[in-house]
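Here's the structure we're looking at; comments come further down.
The values are calculated or read from the model by the stated rules, or taken from the named source; none is laboratory data. Because the structure is a prediction, the values reported are computed rather than measured. So basically every Cβ, Gly included, is an ideal-geometry build from the backbone, and we count neighbours across all protein chains shown.
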Amino acid sequence: MPELFALIIFSTLAVIGLILAALGLPGTWTILIGAGLYNLITWNWTISPPILALLAGIALAGELLEWIVTYAVHKRAKTSKNAFLGLICGAIIGGFLLSAIPLLGTVIGICLGAIIGAYLGEFAHHKSHKRALRAAKAAVLSRAAIMGAKLLLAIIQTAIVLHAINT
């Protein structure tokens, strides 16, 4: 009976984690927590410590990948450091301002804030709408790439845990 309850808890957290990851949020950490809770509820090491460490490594890789992808897309688009800084500040401010709307408001705020911040940062540096629009486009592309990458990592994590449970 505890195995069924643990599977329900993990499945719920995995679905939440997949949704969060698809939104570019840290859903991989939610899946890791679900795997740990599975072990606690069943009171055994069905999901072994090495597998938990692998899940933690995947979650950390997702967070590092977010910074790397954002930097790489902006470098490829030849935007200024101001656009990159504007993107980061805009995402933080946007996420904070729209956090009154649970979850979705934060996601929308982060995305809009990043786009507007990149645009304003580039425009402040070069005084060119064309270059500012390129920075905003780079912000959109980087957010889309991050969302896709985090979703893929969350799917991999979920598959690893389900395989561990079924063996």
Which listed residue is in contact (Cβ under 8 Å) with a residue 60 or more places away in the chain and assigned to a helix (DSSP H, G or I), from L152, L65: L65
Name the single residue, out of those in the stretch 19-36 being more than 15 Å from the chain's Cα centre (by Cα) and surrounded by fewer than 20 Cβ atoms within 10 Å (Cβ to Cβ), that is farthest from G148 (Cα to Cα). G36
Among the residues of the stretch 104-124, are any charged (D, E, K, R) and closer than 30 Å to W45 by Cβ? no
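One line per residue, one yes/no per condition, for (1) under 14 Å from the mean Cα position of the chain (by Cα); (2) part of a loop (DSSP other than H, G, I, E, B); (3) farther than 30 Å from R131 by Cα:
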{"residue": "G17", "(1), (2), (3)": "yes, no, yes"}
{"residue": "Y38", "(1), (2), (3)": "no, no, yes"}
{"residue": "I47", "(1), (2), (3)": "no, yes, yes"}
{"residue": "I88", "(1), (2), (3)": "no, no, no"}
Answer yes if at least one residue in the stretch 103-119 is at pLDDT below 90 and outside any helix (DSSP H, G or I), and no otherwise. yes
Return only the number of the condition from (1) hydroxyl-bearing (S, T, Y); (2) assigned to a helix (DSSP H, G or I); (3) buried (at least 17 other Cβ atoms within 10 Å of the Cβ) that Y71 does not satisfy. (3)
